[in-house]
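Undergrad: Below are the structure tokens for one structure; questions will follow.
The values are calculated or read from the model by the stated rules, or taken from the named source; none is laboratory data. This one's a predicted model, so the numbers in the text were calculated from it and none came from an experiment. Side chains included, ligands, DNA and RNA excluded: accessible areas come from the protein's heavy atoms. Shrake-Rupley method; radii C 1.70, N 1.55, O 1.52, S 1.80 Å.
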Amino acid sequence: AFPRGGGKPPMVWDQASSVMARGEIQLAMRDGHDLPPGAAVDPDGNDTVVPEIALKGAQKTFAGHKGTSIALTVELLAAVLTGSA
């Protein structure tokens, strides 16, 4: 959370640093859905859309709109550290 002046509520965001959160993979497994292509790899590093295999492998790192959240975090922290907030 990042405080804001003027009586406004704080800016709050939650972000996984992977293409999708592990909990989303677990939900896909529970519900019998495939993962979107490019979300995970198997233990050998091959792309997979199968949640059970993805949970034994690794999640891929973020891109797209999630990169924007990282940029926003850096800007907010820089504003505080430089005294411009």
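Undergrad: Within the range 1-41, how many residues are of a type outside the set (Val, Ile, Thr) and farther than 28 Å from residue 52 by Cα?
TA: 12
Undergrad: I want to confirm something. Restricting to the range 5-47 and keeping residues that are of a type in the set (Val, Ile, Thr) and open to solvent by less than 90 Å² (accessible area, probe 1.4 Å), which single residue is farthest from residue 72 (Cα to Cα)?
TA: Among those residues, the one meeting the criterion is 41.
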